[in-house]
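Asker: One structure coming up, written as structure tokens, with questions to follow.
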Amino acid sequence: MAAPDPVADVIVVGGGSSGCVVASRLSANPDRTVLLIEAGVGSGGPGPLGLLPIGPGSDIVSRYPVELRPGRQATIARGRVLGGSGAVNGGYFIRGTPSDFASWPVAWSYSEVLPYFRKLETDLSGDRRWHGVDGPMPVTRIGRDRMHPVSAAFLEACATEGFGYSADLNDPNAEGAGPVPLNASAGRRISTASAYLEPILDRPNLLVRTGVVARRVEFDGVRAVGVEAEIAGVRRLLRARQVVLCGGAIGTAHLLMHSGIGSAQHLSDLGLPVIADRPGVGRDFGDHPEVTLEYRPHRGVPRDPHTAVLEAVLEADGIEIRPYTAPFSEIIPGADDTAARVGVALMRPDSRGQLTLRSSDPRDPPVVRYRYLASAADRAAMRAGLDLARGLLASAAFGRVAEVADGARSSIGTFENLGTSLHLSGTCRMGSESDHGAVVDERCRVIGVDAVTVADTSVMPAVTSRGPHATAVMIAERVSALIDGDTGPARGAPGSGGV
Ligand SMILES: Cc1cc2nc3c(=O)[nH]c(=O)nc-3n(C[C@H](O)[C@H](O)[C@H](O)COP(=O)(O)OP(=O)(O)OC[C@H]3O[C@@H](n4cnc5c(N)ncnc54)[C@H](O)[C@@H]3O)c2cc1C
């Protein structure tokens, strides 16, 4: 009996930062039908940049229990909404650096990825050398004269301590301190749902369905033929010629393992079938550990979120210092931390984490172990970063707006306030087919099977030494272009298939 018609030529799983881009770019070809499925809800439109809707009452995030270090548990949030984590994040939109891409396959060197960084943005700095001027994502910066007093004092402190100033931290030669590039317009965070998806929702060859959770990729032998999904409690098989996974670094690794792609030993231990033995799935992911120091703003210095949660940063030798403009209790609805904080993040950590399955039930969250600061080098680098931040906080410039809280003055309890930057990346890293630890090839096709591509932060060989959001969008742009070059459009009638 002939197989039923596919519901679309391509199913894109996950409508997050990357998935909205892929759905938009692939459906630009009217001869290709695209179905985008997203576990969460539809986008609520651009939110205020000074608020992160990730608190305990938020219904647009997934929460995962994680272990930051042995004995140190936490719960992390990821966006579960069109726009994904990019719809709930800090709006800090910075490119990976040339040296980050030097460790990626050559097809992803800085000169190869730069055209896609340009393509995705309308950068309002006016610079044409490095920037795009007609892409979907608006990129802005807050002028020093309009900054929160804490941000302005921080930049002054960096200057007096001898650090250079970069008006554009997305310039490949940038170093030192400067205003953060923001994916924002008129003080509101512009996610890829707003920038890429909403303008093209009327395309007849594009179908977007929210509240649809992919449970696994369905295979005929090693060829993907669709996705088994859960829709309002009912399981359905959605058939397609090609599947593009954009579930994010947690969601995509989780889904691949439940689809039979991962460590054969781990899958067999859980009684799951093995389609391709790829032990790299979930292994050696990266993120940026952050330790915060408390400061006390002087009377009269505002304590509510300013234009952005973070307006300025210092990049110094693998350390990023982040003077948050308000306590987390003001930034995250429902958060109870009322202290004002400066974050110290390790941007090139060598300690790597691991994500494994908890059970054979795809509804169970995975086990996520960060192994933060496991190496002596990481602990030493974090101590050096904290000393650097203490020096800036103790400067005369910063002293005009705030004083250092007692607990932040000394190195006693050095890693007490350890947290995560929420930049988890690299659970399905790209590499050559002969590299057994690689999960996708240089075109981001899953190795060992056919018709499955990954386009999100999970493919990063190593987390970039800057926030990953802009790089997530770039990856989605580039993989979409590779898919176009790969397959060309296949003809197929659009159909909802009851989705
Ligand atoms: C609170 C927070 C603040 C952050 N701040 C910054 C910042 O300021 N700057 C920065 O550079 N980075 C920041 N990040 C990180 C950045 O936002 C992410 O790295 C990036 O958005 C990830 O993009 P992605 O496409 O890989 O995944 P996501 O954007 O997370 O998208 C994955 C999508 O897939 C959906 N999905 C997952 N599994 C399934 C499934 N089985 N079926 C259907 N749908 C599924 C999810 O619901 C989600 O919508 C932050 C992250 C968070 C959570």
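The values are calculated or read from the model by the stated rules, or taken from the named source; none is laboratory data. Since we're looking at a predicted model, the values are computed, not measured. When we count neighbours, we look across all protein chains shown, and the Cβ atoms used for this are built from the backbone with ideal geometry, even at glycine.
Asker: With the requirement that a residue be within 23 Å of residue 31 (Cα to Cα) and surrounded by fewer than 17 Cβ atoms within 10 Å (Cβ to Cβ), what does the stretch 163-199 give you?
Answerer: Residue satisfying the conditions is 199 alone.
Asker: Considering only the stretch 293-318, state which residues are within 18 Å of residue 386 (Cα to Cα), among the hydrophobic types (A, V, I, L, M, F, W, C) and over 19 Å from the mean Cα position of the chain (by Cα).
Answerer: Within the stretch 293-318, 293, 312, 314, 316 qualify.
Asker: Here is a follow-up. Filter the stretch 402-425 down to the residues that are modelled with pLDDT of 95 or more and in contact with a helix residue (DSSP H, G or I) (Cβ under 7 Å, 6 or more places away or on another chain) and list them by number.
Answerer: 424, 425
Asker: Given the criterion more than 26 Å from residue 67 (Cβ to Cβ) and either assigned by TED's automatic domain parsing to the domain that holds residue 78 or within 16 Å of the ligand (Cβ to nearest atom) (or both), identify the matching residue among 345, 402, 326.
Answerer: On the way: 345 fails: more than 26 Å from residue 67 (Cβ to Cβ); 402 fails: either assigned by TED's automatic domain parsing to the domain that holds residue 78 or within 16 Å of the ligand (Cβ to nearest atom) (or both).
None of the others qualify; the one that does is 326.
Asker: Please enumerate the residues belonging to the stretch 50-91 that are buried (at least 24 other Cβ atoms within 10 Å of the Cβ) and either under 19 Å from residue 337 (Cβ atoms) or touching a Gly at 6+ places or on another chain (Cβ under 8 Å) (or both). Reasoning before the result, please.
Answerer: Going through the stretch 50-91, the residues buried (at least 24 other Cβ atoms within 10 Å of the Cβ) turn out to be 52, 79-89, 91.
Result: 52, 79, 80, 81, 82, 83, 84, 85, 86, 87, 88, 89.
Asker: Any chance the stretch 112-135 includes a residue that's touching a Pro at 6+ places or on another chain (Cβ under 8 Å), basic (Lys, Arg) and in a loop (DSSP other than H, G, I, E, B)?
Answerer: Taking every residue of the stretch 112-135 in turn, none turns out to be touching a Pro at 6+ places or on another chain (Cβ under 8 Å), basic (Lys, Arg) and in a loop (DSSP other than H, G, I, E, B).
Asker: On to the next question. Let me spell it out: the conditions are (1) in a strand (DSSP E or B); (2) buried (at least 22 other Cβ atoms within 10 Å of the Cβ); (3) out of contact with any helix residue (DSSP H, G or I) (no Cβ under 7 Å at 6 or more places or on another chain), and residue 214 meets all of them except one. Which number is the exception?
Answerer: (3)
Asker: Looking at the stretch 392-415 only, could you name the residues that are touching a Gly at 6+ places or on another chain (Cβ under 9 Å), loosely packed, with under 15 Cβ neighbours inside 10 Å and touching a residue at least 40 places away in the same chain (Cβ under 8 Å)?
Answerer: Listed by number, the list holds a single entry, 407.
Asker: Look at residue 336 and say whether it is assigned to a loop (DSSP other than H, G, I, E, B), within 27 Å of residue 51 (Cα to Cα) and charged (D, E, K, R). Can you show your working first?
Answerer: Values: assigned to a loop (DSSP other than H, G, I, E, B): yes; within 27 Å of residue 51 (Cα to Cα): yes; charged (D, E, K, R): yes.
Here the answer is yes, as residue 336 does meet what is asked.
Asker: Name the pairs whose Cβ atoms lie under 8 Å apart, with the first residue in the stretch 359-377 and at positive phi, the second within 14 Å of the ligand (Cβ to nearest atom) and part of a loop (DSSP other than H, G, I, E, B), and 6 or more positions between them or separate chains?
Answerer: Listed by first residue and then by second, the contacts come to nothing, as the list is empty.
Asker: Which of (1) surrounded by 18 or more Cβ atoms within 10 Å (Cβ to Cβ); (2) within 30 Å of residue 432 (Cα to Cα); (3) not assigned by TED's automatic domain parsing to the domain that holds residue 43 does residue 97 not meet, given it meets every other one?
Answerer: With respect to (1) surrounded by 18 or more Cβ atoms within 10 Å (Cβ to Cβ); (2) within 30 Å of residue 432 (Cα to Cα); (3) not assigned by TED's automatic domain parsing to the domain that holds residue 43, residue 97 is out only on (3).
Asker: Just the residues that are free of Cβ contacts under 8 Å to residues at least 12 places away in the same chain and either part of a helix (DSSP H, G or I) or within 18 Å of residue 91 (Cα to Cα) (or both), please, taken from the stretch 153-198. Before the answer, list the steps.
Answerer: We begin by selecting, within the stretch 153-198, every residue free of Cβ contacts under 8 Å to residues at least 12 places away in the same chain; these are 162, 173, 186.
Answer for the stretch 153-198, where residues must be free of Cβ contacts under 8 Å to residues at least 12 places away in the same chain and either part of a helix (DSSP H, G or I) or within 18 Å of residue 91 (Cα to Cα) (or both): just 186.
Asker: All but one of (1) at pLDDT 95 or above; (2) out of contact with any Lys or Arg (no Cβ under 8 Å at 6 or more places or on another chain); (3) within 15 Å of the ligand (Cβ to nearest atom) hold for residue 52; state the number of the condition that does not hold.
Answerer: For residue 52, the exception is condition (1).
Asker: Moving on to the next point. Within the stretch 235-271, which residues are more than 15 Å from the ligand (Cβ to nearest atom) and over 25 Å from the mean Cα position of the chain (by Cα)?
Answerer: Correct list: 239, 241, 264, 265, 266, 267, 268, 269, 270, 271.
Asker: Separate question: Being in the same structural domain as residue 293 (by TED's automatic domain parsing), acidic (Asp, Glu) and in contact (Cβ under 8 Å) with a residue 24 or more places away in the chain is the requirement here; does residue 450 meet it? Explain how you work it out, then say what you get.
Answerer: Values: in the same structural domain as residue 293 (by TED's automatic domain parsing): no; acidic (Asp, Glu): yes; in contact (Cβ under 8 Å) with a residue 24 or more places away in the chain: yes.
So residue 450 does not fit the description; no.
Asker: Please go through the stretch 18-42 and pick out each residue that is among the charged types (D, E, K, R), part of a loop (DSSP other than H, G, I, E, B) and crowded, with 24+ Cβ neighbours inside 10 Å.
Answerer: First, the residues of the stretch 18-42 that are among the charged types (D, E, K, R): 25, 31-32, 38.
Going one step further and asking which of them are part of a loop (DSSP other than H, G, I, E, B), we end up with 31-32.
Listed by number, the list holds a single entry, 32.
Asker: So residue 160 passes all but one of these: (1) in contact with a strand residue (DSSP E or B) (Cβ under 7 Å, 6 or more places away or on another chain); (2) surrounded by fewer than 21 Cβ atoms within 10 Å (Cβ to Cβ); (3) of a type in the set (S, T, N, Q). Which condition number does it fail?
Answerer: So the condition that residue 160 fails would be (1).
Asker: Please specify each residue of the stretch 55-107 satisfying the condition of being within 15 Å of the ligand (Cβ to nearest atom), part of a loop (DSSP other than H, G, I, E, B), out of contact with any helix residue (DSSP H, G or I) (no Cβ under 9 Å at 6 or more places or on another chain) and closer than 29 Å to residue 374 by Cβ.
Answerer: 88
One line per residue, one yes/no per condition, for (1) of a type outside the set (A, V, I, L, M, F, W, C); (2) in contact with a Cys (Cβ under 7 Å, 6 or more places away or on another chain):
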{"site": "415", "(1), (2)": "no, no"}
{"site": "418", "(1), (2)": "no, no"}
{"site": "424", "(1), (2)": "no, no"}
{"site": "429", "(1), (2)": "yes, no"}
{"site": "433", "(1), (2)": "yes, no"}
{"site": "439", "(1), (2)": "no, yes"}
{"site": "452", "(1), (2)": "no, no"}
{"site": "458", "(1), (2)": "yes, yes"}
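Asker: Another one. Under the condition of being at positive phi and crowded, with 19+ Cβ neighbours inside 10 Å, which residue from the stretch 432-460 is farthest from the ligand (Cβ to nearest atom)?
Answerer: Top of the filtered list is 451.
Asker: Only one of 312, 316, 308 is at pLDDT below 95, of a type in the set (Gly, Ala, Ser) and on the phi < 0 side of the Ramachandran plot; which? Steps first, please.
Answerer: Values: 312 fails: at pLDDT below 95; 316 fails: at pLDDT below 95.
Testing whether each residue is at pLDDT below 95, of a type in the set (Gly, Ala, Ser) and on the phi < 0 side of the Ramachandran plot leaves just 308.
Asker: Moving to a separate point now. In the stretch 350-433, which helices (runs of 4 or more DSSP H) lie fully inside it and hold 3 or more residues that are among the aliphatic types (A, V, I, L, M) and in contact with a Leu (Cβ under 9 Å, 6 or more places away or on another chain)? Don't jump to the end; show me each part of the working.
Answerer: Numbers: elements: 376-393, 396-399, 406-409.
Per the criteria, 376-393.
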